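Readers should treat all values here as calculations from the given coordinates under stated rules, not as data from a laboratory. Everything quoted here is computed from the prediction, not taken from an experiment. Backbone-built Cβ (ideal geometry, glycine too); neighbour counts: all protein chains shown.
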Amino acid sequence: MAKAMQLNTMGRKLLLEKAHVEGIRYFDVYRREGGYRSVEKALKTMTQEEIVEEVKKSGLRGRGGAGFPAGMKWGFIAKPEGVPRHLVCNADESEPGTFKDRYLMEFIPHLLIEGLIVASYALGSNATYIYIRGEYAWIPDILEQAIAEAKANGFLGKNILGTGFDCEIYVQRGAGAYICGEETALIESLEGKRGNPRIKPPFPAIKGVWGRPTVVNNVETLAAVVPIINEGGEEYAKIGVGKSTGTKLISACGNINKPGVYEIDMTISVEEFIYSDEYCGGIPNGKRLKACIPGGSSVPILPANLLLKTAKGETRLMNYESLSDGGFATGSMMGSGGFIVLDEDQCVVRNTYSLARFYRHESCGQCSPCREGTGWMEKVLLRLENGEGKISDIDLLWDIQSKIEGNTICPLGDAASWPVAAAIRHFRDEFEWHVTHAAEAQTRNFGLAHYADPIYVPV
Amino acid sequence: MVQFSEEKLAKVKEIIARYPDGKQKSALLPLLHLAQDNFGGWLSAETMDYVASLLQIEPIEVYEVATFYSMYNTKPVGKYVFEVCQTGPCMLNGSDNIIAYISQTLGIKVGETTADGLFTLKTAECLGACGYAPMMQLGKHYREHLTKDKVDAIISECRTAAAANN
């Protein structure tokens, strides 16, 4: 019975099912394919509380990276008398390896707009903002066209569908700052300031943009509200496994045959995801898998042997629980779903250096451990990569990352520390080889070494 | 003198109307984009002061924002700015070679502009196109799956467009 149910939900698509229908970008086609039903259902037949309740029942977890239950976040919003509330959509997608929200917005923008209308109604937001990273410069045109079409058809603007609910959606472009994906930095940026994160509490749900109660949700999270309302929270929660309910968009990249955005139902194995033709299609040129960063650049990198199986020898699955099985010692995280594959020819030291350079560039500079530490890690990693490092540099790196983690206002400090820590934890001998074989390390890579060897599991 | 056209001023008004009364500073990022597009691809002190006057805020409030975000140019740039992503997934797919090739072809280092003022080469951190690597931003759009041949084609496309506009 359980088996049969699993088969039924296998490969189930809730977000991208219609993404390839010709003309789905435009209102008429989207509506013909069943679009905006959730707005009719929610606004005409449900109270705000009932919608929040459905989202809670669905088990939907924030798709931006943190995985916090979305319904609970909505439940926190303060409702002081006479103070407007706002919904802000976080479309500042900037975590290296992540390009799923872009895909949704480019190809099926009405799905996001539909989710935004329902969520705006549930939260009581009459002015909702989409904060999109500035580099996605062509996407605001697509979104603004979708908004205009929705408005022309009575789904936005004044007195939507005659229910008395008013809502406007505005698109705001950022201007190049990873940190603005952090919700309080995003709010600062939306207020026309530098993207320096705020100290929490107060949380945005109490005091957000312009001091008003605010909910910030990721694009994919808001799009998922549509199937949740259409099918009901309980039905949505039946897809997936454990606390990984529903479907998740994975953006796959690096050394794979078929990079792209895939919708998975979180019951498939990591191995199937990498090697099946339905997804990544394996590794080019018959190369072997060396390592993978499964959830965006911030999450721990894993060697092949710990990626495909957990330390307990169980098959690792593409979901929140399984990817984090073993904690940071032997596991990683689902994160934002940015799935980066490294083949046997890649150098982990160089990859770690590249990511450290990214975090140094993106540190807002507000907290000393992050501002100073990210620059320091980049310098030491470059030294090691160039064969000019010492063995003590590896311990120095460990020391620096441990002093950034947990000591900053926002999670960027942790995000910068984890990739360095995980690289040293699992690939220490590769780092050491860059010191002991400094000249050779400039002419060839360490290679696959033992990183794909089966791990001994005591019985 | 730096001054938006009537049409652009109407756009400015429309943008400011998106925010609550008295919160017009929220329009700063959109206005800086508009200004940069309008006044030669970069933000001079004069341009930033003008934006400050439009929003009735202090010039320093504009400078601190303009210098924080990587998309705002506080120095003049070439007519075509190649911003090549060099982060993680792009690096795994050979972005270093693309940067080196552009540098060699145009005879400029990263951060420099060609003598004819046509091209600027910059590196960028993750542009969210990891599955289509290596890639770069050129104006409003992305150029993806870059190869040496594609780079050559983009350079000649820019030269042709520049010649046609002169």
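The mean number of Cβ atoms from other chains found within 10 Å of a Cβ in peptide B:21-33 is 5, as a whole number.
B:K122: which lysines have alpha carbons under 28 Å from its alpha carbon, excluding same-chain residues fewer than 8 sequence positions away? Straight-line reach from B:K122, under 28 Å: A:K100, A:K193, A:K379, B:K75, B:K79, B:K109, B:K140, B:K148, B:K150.
Computed from Cα positions, the angle between helix B:6-16 and the longest principal axis of chain B comes to roughly 80 degrees. Here the sum of -39500 (n - 2.57) over DSSP H runs of 4 or more residues, divided by the residues of chain A, equals -12500 deg cm²/dmol at 222 nm, to the nearest 500.
Look at the stretch A:250-263: the mean tally of other chain Cβ atoms within 10 Å of its residues' Cβ atoms is 3. Pairs of Cα atoms nearer than 8 Å and 6+ residues apart set the relative contact order; for segment A:81-208 it is 26 percent. For a straight C-alpha distance cut-off of 20 angstrom, the aspartates and glutamates reachable from A:K403 (same-chain residues fewer than eight places away being disregarded) are A:E362, A:E372, A:E378, A:D393, A:D395, A:D414. Here the contact order of chain B, divided by its residue count and restricted to Cα pairs under 8 Å and six or more residues apart, works out to 17 percent.
If I fit a long axis through the Cα atoms of helix B:95-106 and take the longest principal axis of the Cα atoms of chain B, what angle between them do I get, 0 to 90°, rounded to 10? Relative to chain B, helix B:95-106 is tipped by roughly 90 degrees.
By the Cβ distance rule (another cysteine Cβ under 4.7 Å), the unpaired cysteines of chain B are B:C126, B:C158. If you take every DSSP beta bridge whose two residues both sit in the protein assembly as shown, what share of them, in percent to the nearest 5, is antiparallel? Beta bridges within the protein assembly as shown, antiparallel portion: roughly 45 percent. Highest mean packing comes first when the peptides A:88-97, B:108-117, B:63-72 are listed by Cβ atoms within 10 Å, giving A:88-97, B:63-72, B:108-117.
The overall shape of segment B:56-110 is oblate: from the C-alpha gyration tensor, with semi-axes ordered a ≥ b ≥ c, the ratio a/c is 1.5 or greater and a/b is no larger than b/c.
Counting only other residues whose beta carbon sits under 11 Å from that of A:E33, what net charge do I get with K and R as +1, D and E as -1?
+1
Peptides A:108-120, A:320-332, A:71-83, B:130-142 ranked from most to least packed give A:108-120, B:130-142, A:320-332, A:71-83, packing being the mean of other C-beta atoms within 10 angstrom over each peptide's residues. Checking the Cα-Cα distances for A:K158/B:K11; A:K41/A:K258; A:K79/B:K11; A:K13/A:K312 against a 28 Å cut-off, the pairs over it are A:K41/A:K258; A:K79/B:K11; A:K13/A:K312. Helix B:28-38 and the long axis of chain B differ in direction by around 60°, with both axes built from C-alpha atoms.
Across peptide A:166-173, the mean count of Cβ atoms from other chains lying within 10 Å of each residue's own Cβ comes to 3. Between the listed residues B:L29, B:V81, B:I155, the Cα displaced farthest toward the positive end of the dipole of segment B:23-166, a dipole computed from Cβ unit charges relative to the Cα centre, is found at B:I155.
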